[in-house]
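The values are calculated or read from the model by the stated rules, or taken from the named source; none is laboratory data. Model, not experiment: these values are computed from the prediction. Positions of Cβ are backbone-derived with ideal geometry, glycine not excepted, and every protein chain shown enters the neighbour counts. With ligands, DNA and RNA removed, areas are computed over all heavy atoms of the protein, side chains included. Shrake-Rupley method; radii C 1.70, N 1.55, O 1.52, S 1.80 Å.
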Amino acid sequence: MHQDEGMLTDGPVEGERPGETGPDHRTEQRSARPTGPDYGIEQRLIEAGAARVAGVDEVGRGAWAGPVVVCAAVTDLSTPPAGLTDSKMLTARRRERIAGELRDWVSAYAFGAASHEEIDEVGMTEALRRAAVRALEALPDRPDAIILDGKHDYLGGGRTWPVRTEVKADLRSVTVAAASVLAKVHRDTLMAELGYEEYGFAANAGYPSPVHQEALRRLGPTPHHRLSWSYLDDLPQWRHLKKHRPDIEGQLSLI
């Protein structure tokens, strides 16, 4: 699951050390490391009888503003675009490049979102469920099995959807990694299009960066902020705007 986003910068690939040359033992160790997600989880589900497997991942859970977005992706088990991995492991430029390739490569993908108002009204778990259902229902064909990143089935798959939860699936499963990248780029674009330059949404996507926190202190929440979250407790001049829900989930504070 995703929390911070876009904080990496382009540079040497992980494991590269400037000045290292030649086939020494360190190069051999690096080449032996896993190179990225594969289809191991998908293959096990197919062997169990699933003809169509969807990978599902979310972005925006930890943001203070904007929607939570879920992507559902289906592939044909062919070789994915080079460099595909969990979106948090990629720079913004690499994510955008890979997302551009994924849109033509995946067999199908769809997005679902739950707004900041819904998050305030029903809490994050229910908002995630709604967004995931919307994404899955927007696919052209209903999947036979769903790989859900994480250990919690927020879809309630035992009742409606055939869900398999997998920890770190965005690093291990090609379809979930594809959903991760597509969801991240899609939501980043939505947040940038909102404007609000003082809050830095184009750079922080509604997450609590220093620029975002300072703008909140000076200017208060925008119409796109989640007003049930506890960051408002640390802003005395704006605390009166807080929407109270005793059972609200996923709150974050400036402290």
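Descriptive notes on the structure:
One line per residue, one yes/no per condition, for (1) in contact with a helix residue (DSSP H, G or I) (Cβ under 7 Å, 6 or more places away or on another chain); (2) hydroxyl-bearing (Ser, Thr, Tyr); (3) part of a helix (DSSP H, G or I):
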| site | (1), (2), (3) |
| --- | --- |
| Arg95 | yes, no, yes |
| Ala99 | yes, no, yes |
| Ala110 | yes, no, no |
| Ala113 | yes, no, no |
| Glu117 | no, no, yes |
| Asp120 | no, no, yes |
| Arg142 | no, no, no |
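- Residue satisfying condition, being open to solvent by less than 10 Å² (accessible area, probe 1.4 Å), more than 22 Å from Gly36 (Cβ to Cβ), in contact (Cβ under 8 Å) with a residue 24 or more places away in the chain and over 15 Å from the mean Cα position of the chain (by Cα), within set Leu102, Leu128, Leu136: Leu136
- Taken over segment 153-189, the residue count meeting the criterion of being among the aromatic types (Phe, Trp, Tyr) and on the phi > 0 side of the Ramachandran plot is 0.
- The condition of being under 12 Å from Asp149 (Cβ atoms) and buried (at least 23 other Cβ atoms within 10 Å of the Cβ) holds for Val176.
- Tabulated pairs, segment 210-226, first more than 10 Å from His116 (Cβ to Cβ) and at pLDDT 95 or above, second of a type in the set (Gly, Ala, Ser) and surrounded by 14 or more Cβ atoms within 10 Å (Cβ to Cβ), C-beta under 6 angstrom, 6+ apart or interchain: Val211/Gly200; His212/Gly200
- Single condition Gly150 does not satisfy, out of (1) small (Gly, Ala, Ser); (2) within 15 Å of the chain's Cα centre (by Cα); (3) closer than 22 Å to Ala127 by Cβ; (4) at pLDDT 95 or above: (4)
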